[in-house]
Amino acid sequence: MSQYAVCVKNDNYAASLELRKLYQIVPHKSSTVRGLIRIIDESGESYLYPAEYFLPIKISPAIQKAVRLVLKIR
């Protein structure tokens, strides 16, 4: 199941992250211990960012399907 987060801060990452945009979270166990979160950013690749820059959200399966279509996620 995909997880998503909303970007609430983009200091030093304005080219990679848009405020108030929904991003897919890529599970990465060791990153959370270090206060980081792996996100698929504007480049289409996954990178580690400060977790405080995002608010994770829960969305229904129907909305997840629509989001995947919009974001072109499989």
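Think of it as helices only: each DSSP H run of n ≥ 4 in the chain is worth -39500 (n - 2.57), and spread over all residues that comes to -6000 deg cm²/dmol at 222 nm.
Once the Cα-Cα distance is subtracted from the 0.36 nm per residue extended length, the K29 to Q3 segment shows a gain of 8.0 nm.
With R₀ set to 22 Å, the beta-carbon distance separating L55 from S16 gives a calculated FRET efficiency near 0.80. Once the Cβ-Cβ distance between V67 and E45 is put in as r, and R0 is 22 Å, what FRET efficiency do you end up with, to the nearest 0.05? My answer for the efficiency is 0.75.
Values quoted throughout were computed directly from the atomic coordinates according to the rules given, and no laboratory measurement underlies them. What you are looking at is a predicted structure, and each value in this text was computed from that prediction instead of being measured. Quick reminder, even Gly has a Cβ in these numbers, built from the backbone with ideal geometry, and neighbours come from all protein chains shown.
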